[in-house]
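S.K.: Take this structure first; my questions come after.
What follows is calculated from the coordinates using simple rules that are stated; it is not laboratory data. Remember, it's a predicted structure, so these values are computed and weren't measured experimentally. Cβ atoms come from the backbone with ideal geometry, glycine included; neighbour counts cover every protein chain shown.
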Amino acid sequence: MTGIFDSGSGGLSVLREMLKVLPEEEYLYFSDNAHCPYGEKSPEYICDRATEITNMMMAKGCDVIVVACNTATAAAISHLRAKFAIPFVGMEPAVKPAAALTRSGVVGVLATEGTLKGEKYHLTRDRYADNVKVVEQVGRGFVELVESACLEGPHAEAVVRESVRPLVEAGADTIVLGCTHYPFLSQTIARVASQLAPQTDFTLIDPAPAVARRFLAVRKEAGGPVGLPRVTLMASGSDATLKKLFEYYISQN
Ligand code: DGL
């Protein structure tokens, strides 16, 4: 069985892609929404949460774990790999494809504070984006929008506009969605960006399909699909939004 976790419902954007590449696997999804958001918490706090979640998932029989959270990947994946003998798949900041795609020469990165401060992000940016300008912005309030299933409409647009505006004003035409919650807001982000710069053709990059391909390789190496093809959803707080987004974005597709 494969475990997949996030601070909340954001990791469903990764699970959606995993189900496309490996529908015949058994998945246990855990939303740590009683401790959400992770974005502004210390790496030590997030490491403790990730360790506790991993212990719980392994006790339930998970033998591969996908850390479907950029912030938790930045804070905890090295620790998890050192402590546990099972394979972990983490999120990759998609700066490389963004640098290859931009026509304006400016890439915008939307992510949490924890991800933008992390070493992994800095290494990736310095390695792959030295020919382009990279502008970074925390998606303030985005996680809260997704956790309350408020993905569209005037309030969502107003919140999104505050963080997208600096990227658009800096000339970005390619925007990396560096937090797994943000793909749920991609239509709103695209709409707001086009309102701010109607002449620009924007590309949003979600790393989830690439992470799902990596997961498939790791899952096969660790011994193919295991268990029954089904998804179990769990949350440390209320599971209402998790179930709603799962029904809307995954079951119906
Ligand atoms: N979905 C997470 C990420 O990818 C964390 C968001 C949060 O809890 O701040 O970074």
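S.K.: Given H placed on each backbone N at 1.01 Å, which residues far from ILE205 in sequence or on other chains put an amide H within less than 5 Å of it?
M.R.: Sorted by chain and number, the residues that satisfy this are ILE175, VAL176, LEU177.
S.K.: Quick check on the exposure proxy: order THR71, THR188 from fewest to most C-beta atoms within 10 angstrom.
M.R.: Neighbour counts put them in this order, fewest first: THR188, THR71.
S.K.: Still on this structure, I have one more. Students often forget the sequence filter, so: which lysines lie under 20 Å Cα-Cα from LYS20 once same-chain residues fewer than 8 apart are removed?
M.R.: LYS220, LYS243, LYS244
S.K.: Name the longest site-free stretch of the chain, where the excluded sites are GluC sites (Glu not before Pro) in a DSSP loop with no more than 16 other beta-carbon atoms within 10 Å.
M.R.: In short, 41-151.
S.K.: If a/c stays under 1.5 just call it rounded; otherwise compare a/b with b/c (prolate if a/b is bigger, oblate if not). Do that for region 203-253, with a ≥ b ≥ c from the square roots of the Cα gyration tensor eigenvalues.
M.R.: It comes out oblate by the Cα gyration axes.
S.K.: Moving on to the next point. Using amide H atoms built in the peptide plane, which far-off residues or other-chain residues are under 5 Å from VAL64 H to H?
M.R.: HN-HN under 5 Å from VAL64: GLY3.
S.K.: Additional query: Compute, for region 1-82, the length of the dipole vector about the Cα centre, with Cβ point charges of +1 (Lys, Arg) and -1 (Asp, Glu) only. Units Debye, rounded to 20.
M.R.: The dipole magnitude comes to about 80 debye.
S.K.: Enumerate the amide H contacts of SER7 below 5 Å, restricted to partners 5 or more residues apart or on another chain; note that Pro and chain-start residues carry no placed amide H.
M.R.: Hits under the 5 Å cutoff: ASP32.
S.K.: What is the Cα coordinate range of region 10-85 on the first, second and third principal axes, sorted by size from largest, in whole angstrom?
M.R.: 36, 25, 21
S.K.: Once you place label points 7 Å from the Cα toward the Cβ at SER194 and SER238, how far apart are they in nm?
M.R.: Distance between label points: 3.3 nm.
S.K.: Between region 58-73 and region 202-237, what is the separation of their alpha carbon centroids in Å?
M.R.: If you average the Cα positions of each part, the centres end up 10 Å apart.
S.K.: Quick check: pseudo-label points 7 Å beyond the Cα along Cα→Cβ at LEU228 and SER78, how many nm apart are they?
M.R.: About 4.2 nm separates the two model spin labels.
S.K.: Over 5 Å intervals from 0, what percent of Cα-Cα pairs in the chain sits in each interval?
M.R.: 1, 7, 14, 19, 20, 17, 12, 7, 3, 1, 0
S.K.: With only alpha-carbon pairs counted, each pair once and no self-pairs, how large is the Kirkwood hydrodynamic radius of region 136-253 in angstroms?
M.R.: 16.3
S.K.: Take LYS20 and ALA149, extend 7 Å from each Cα along the Cα→Cβ direction, and tell me the distance between the two endpoints in nm.
M.R.: 2.4
S.K.: Working from Cα positions, state the angle (0 to 90°, nearest 10) between the long axis of helix 70-83 and the longest principal axis of the chain.
M.R.: Roughly 30 degrees, rounded to the nearest 10.
S.K.: Give me MET57, MET91 sorted ascending by neighbouring Cβ count inside 10 Å, so fewest comes first.
M.R.: With the sparsest Cβ surroundings first, the list reads MET57, MET91.
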